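Novice: Sending over a structure as C-alpha cells; questions will come in a sec.
Computed from the coordinates by the stated procedures, all read-outs in this text should not be read as laboratory data. Because the structure is predicted, anything quoted here is derived from the model rather than measured. Reconstructed Cβ throughout: ideal geometry from the backbone, glycine too, with neighbour counts over all protein chains shown.
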Amino acid sequence: MTKLLQSSTLRWLIFPLVGLVWGLFGTLRSQTVPQFDDDSAFGNLVRQCEFGPRNPGSEGHRKCRKFLVQEMKRYAEEVKMQHFTHFDEGMDSSISMSNIIARFGPQRGGRLLLCAHWDTRPRADRDPNPGNRSKPILGANDGASGVAILLEIARIMGSYPPPMGVDVVLFDGEDWGEEGHIQDYLLGSRAFVKENPGLSYRFGVLLDMVGDRDLEIPMEGHSLKNFPFKVRRLWDRARGLGLTPFVHREGPWVIDDHLMLIDAGIPCIDLIDFDYPYWHTLEDTPDKCEPESLGAVGSLLLSLIYEGIPE
Ligand SMILES: [Zn+2]
C-alpha cells in the first residue's frame, strides 16, 4: 500500500513536470530557425545540371521534372503538376510545359509563396562565340540556383513543419522566348495565375540567379517600387542576420516571373543578382556558383518562414 501510494504520488509530481518541460521545449523550438545546409543545396544545383540543359522539349527537361516531383513528394503534403502548352508563333508549334506546385500546411491561410523557374534557356544567345548561340545553356545559376535553394527549404520544412502555410512553386517556361518577344517569356507564371485565380498569398518571394560566386543582391526595381516597406524591412532583416550579399541600394528593373504575380494581385518580390557575366552563355556552369551564396538566400527565407514576414 505504501509503495503504491509512493508511486502514485510520484506520478502526480512527474507528469506535470514533464508537461512543463515539454511545453517549454516546444516554445523554444518554435522560436528557433532551422539551419540551412549550404552543401546540401549546392548538391541540388549540381544534380539538376547533371541532367544537362533543361529547356522544354529536351531529355534533360523530362528527367529533371521527374526528379523535382519525386523530391517534393518526399517533403510536402500536396504535390501537383500544372501542365500547359504554349504556341510559339516563330516555330509554328505547341510546346508542353509543367509547373510544379508543392504545398505545406495546405489548409492554412495567410500563405507564403516561394518560387523560382526550373527551365533553362534553349539558346545561348549572349555567348561570345557566335557558333554557340543556338545551343541550349546548362543554367547552373539561371535556373538551377533558385530551385536548389527551394528544394533544401522543402527538405527542412518536411522535418520542421512551418508555422505558416507555404507553397513552393517551380515555374516552367520562364526563359523560352527570343529576345524582344516578351509574349514567349514568363510562361509558367502566366499559366499559374490564369489557372489558379482563387489562390491568395500574404507575401511571395521569387528567386532567380542567386548562386553566383560573387553574389550581390540589390533591391530589384519593380519589387522596391511596389513594396517599398516590405523590401527595406527584408533587407534590414538580412543585415541583422549578417547576410552580406544583400546590399541596401536599388538594383536593375528586371522582367521576371514576379511581374505576372504582381499583376494578379500577389505581392511578390524578386531576389536576383543580374550582374553575372555568364548570363545566357554556355559558361553558366556550376563552377561559377558556390554553396555560401545559396546559403545566404536560404537563411533569409528560413527566417521569413520561422520568424515571420516583416510588415
Ligand atoms: Zn535567363
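Novice: For the chain, what does the helix formula give at 222 nm: sum of -39500 (n - 2.57) over DSSP H segments with n ≥ 4, over the residue count, nearest 500 deg cm²/dmol?
Specialist: Numbers: 9 runs with 125 residues, N = 311.
Using -39500 (n - 2.57) per qualifying helix, the result is -13000 deg cm²/dmol.
Novice: Run the numbers for Ser159 and Glu250: contour at 0.36 nm per residue of separation, minus the present Cα-Cα distance, in nm. Present the calculation step by step, with values, prior to reporting the outcome.
Specialist: Working: separation 91, 0.36 × 91 = 32.76 nm, distance 3.61 nm.
Residue separation times 0.36 nm, minus the Cα-Cα distance, leaves 29.2 nm.
Novice: To continue, here is another question. Expressed in nm to one decimal, what extension gain is obtained for the pair Glu77 and Glu195 from 0.36 nm per residue of sequence separation less their Cα-Cα distance?
Specialist: Separation in residues times 0.36 nm, less the Cα-Cα distance, equals 40.4 nm.
Novice: Using a 7 Å offset from the Cα along the Cα-to-Cβ direction at both Arg62 and Gln107, what is the distance between the two label points in nm, to one decimal?
Specialist: 4.0 nm
Novice: For Asn226 and Glu311, compute 0.36 nm times the residue count separating them, minus their Cα-Cα distance, and round to one decimal in nm. Numbers along the way, then the final one.
Specialist: Details: separation 85, 0.36 × 85 = 30.60 nm, distance 1.40 nm.
Answer, rounded to one decimal: 29.2 nm.
Novice: Rounded, prolate or oblate: which fits the range 34-307, taking a ≥ b ≥ c as square roots of the Cα gyration tensor eigenvalues, rounded meaning a/c under 1.5, else prolate when a/b beats b/c?
Specialist: Details: a/c = 1.36, a/b = 1.21, b/c = 1.12.
Judged from the Cα gyration tensor, the range 34-307 comes out rounded (a/c under 1.5).
Novice: Please list 269-275, 51-57 highest first by mean number of surrounding beta-carbon atoms within 10 Å per residue. If you can, show how the numbers build up before the last one.
Specialist: Numbers: 269-275: 22.6, 51-57: 21.0.
Packing proxy ranking, top to bottom: 269-275, 51-57.
Novice: What ranking, highest mean first, results for peptides 85-91, 120-126, 294-300 when packing means the other Cβ atoms within 10 Å averaged over each residue?
Specialist: Working: 85-91: 13.0, 120-126: 22.0, 294-300: 24.4.
Most protected by this proxy first, the peptides run 294-300, 120-126, 85-91.
Novice: I would also like to ask the following. Compute the separation of the alpha-carbon centres of the range 38-116 and the range 185-241 and state it in Å as a whole number.
Specialist: A separation of 18 Å, based on Cα centres.
Novice: At a 10 angstrom cut-off on C-beta neighbours, averaged per residue, how do the peptides 35-47, 250-262 rank from highest to lowest?
Specialist: Details: 35-47: 18.6, 250-262: 20.2.
Ranked from most to least packed, the peptides come out as 250-262, 35-47.
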